[in-house]
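Just below is one structure, and these are the notes that go with it.
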Amino acid sequence: NVSSHDLKVLDHKHHLHPFTDHGALGVDERRVIAKADGVWLWDSDGNRILDGMAGLWCVNAGHGRQEIVEAVRAQMSELSYYNTFFKTSHPPVIELSEMLAGLTPDHINMVMYGSSGSDANDTILRLVRTYWALQGQPDKKVVISRKNAYHGSTMAGASLGGMGPMHSQGGLPIPGIHHIDQPYWFGEGMMTDMNEDEFGLWAARELERAIEEIGEENVAAFIAEPIQGAGGVIVPPSTYWPEVKRILESRNILFIADEVICGFGRTGEWFGSGYYDLKPDLMTIAKGLTSGYLPLGGVLVSDEIAEVLHRENVEFFHGYTYASHPACCAAAIANLTILKREGLVERVRDQIGPYFQKQWKALESHPMVGQARMVGLFGALELVPDENDLKKRFANEGKVGTITRDHSFSNGLVMRAVRDSMIISPPLSISEEEVDLLIASTRKTLDDAWNDVRKQG
Ligand code: PLP
């Protein structure tokens, strides 16, 4: 029976938060989330808040699903831990792997597990280099990624990612990672003399230019999210992916789709690569795999790569103690069963997605919104100081985003700020009524933030 204030004091005293400026975080500014159900969170002060970010883009099935809780409880009492190192396996990992093979494209039928998206991307880096070495091409080591990408927080994940502040800490990236431009029309393309289609082609051809510069014989893979999430929900121009596909088809390099956010229904397809009709050789997954109920991630591997790993006398010296943890696999099975049984992915594509997108787009009438974009249930609002000049940006990048995010919380809605854009990614189970409430909170939030901006000149 610790009071809400005392919880915050203890949090302040003992807890180092990820991605947090602790010096700027006062004791009472903290939010202690105590309970959740569906799309709703309750904090320790009793406020009800709509979880417009599905936690960290992960609670796809919604909070409080007792079916998942029960499946985990049952698994814990049957076999609470075993691993799949060497020659062992266990029923939930076998069942889950078969389930995943049924959801992935036909040419992908194997999965190697970990506990998160970050470790999945670590595995990927080791795996693609090992694959090329086994193919007699050990020089194929470089992985091409994109600026502003987020692929996790481990050394390999943060190196594959293209976030400046992460690189400047700890001397990253590690060698052998090359970053090219991202297809960010509103933030970058619009400032050039290209139109959106031309910019999409230009950004795609950055890949071709990089391959030529590095030498195809040295390039192992290209990694990308179908839609960049933490970078700001960067929906590429329609010319981008077809051109990347053309480039990849004519080159002997692997394509890795990071599906950590895009996977499991976020775009209205099971995978973001399905939304763009891409054919990845490898996919990394986490988050929506268990809807965040327990930590589980993995690498989905094409038949062609699996065949090389199955050759005689080949061993991939890699694995984590908690990879394919039975309780996490049980959570994933129960979660995927819910997504399938309730048709939540198709619902995003055909019903709740279009319903939400229409109202989201209408937010462009607000004087502070330069662009409102959304695919599936995955959207962003670009905040601008002048609706008549969309190339203008706020001075002191990120400040208005932060102000808006704080108003959003006060208005009972979790949105995330990326620079001066607001991000939304709610549970796929959100109802039409809840979408209406979310939009009403967003409008109020935009009005509140706009008042502040005008007051401050
Ligand atoms: N890849 C992408 C695209 C992500 O968005 C994230 C996390 O947000 C990760 C990888 C890292 O996943 P995790 O936080 O589970 O390590």
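Some points to look at:
- In a DSSP loop and with at most 12 other Cβ atoms within 10 Å, the GluC sites (Glu not before Pro) in segment 382-431 are 397.
- Restricting the calculation to Cα atoms, every distinct pair contributes to the Kirkwood radius of segment 17-148, found to be 19.5 Å.
- Averaging the Cα positions of each part gives two centres, and for segment 256-289 and segment 30-55 these lie 27 Å apart.
- Remark: the residue 85-residue 444 segment gains 123.9 nm on full extension, using 0.36 nm per residue and subtracting the alpha carbon distance.
- Sum of -39500 (n - 2.57) over DSSP H runs of 4+, divided by residues of the chain (222 nm, nearest 500): -12000 deg cm²/dmol
- Global geometry of the chain, whether rounded, prolate or oblate, following the gyration tensor of its Cα atoms and the 1.5 cut on a/c: oblate
- Ranked by the mean number of other Cβ atoms within 10 Å of their residues, highest first, the peptides 432-441, 415-424 come out as 415-424, 432-441.
- Listed peptides 120-132, 179-191 by packing density, highest first (mean Cβ within 10 Å): 120-132, 179-191
- Cα centroid separation, segment 309-371 to segment 389-410 (Å): 28
- Chymotrypsin sites (Phe, Trp or Tyr not before Pro) restricted to segment 77-117 and DSSP loop, no more than 14 other C-beta within 10 Å: 81, 82, 85, 86
No value in this document is a laboratory result; all are computed from the given coordinates. In this text, all values refer to a predicted model and were calculated from it rather than measured experimentally. Cβ coordinates were reconstructed from backbone atoms using ideal geometry, including for glycine residues, and neighbour counts include every protein chain displayed.
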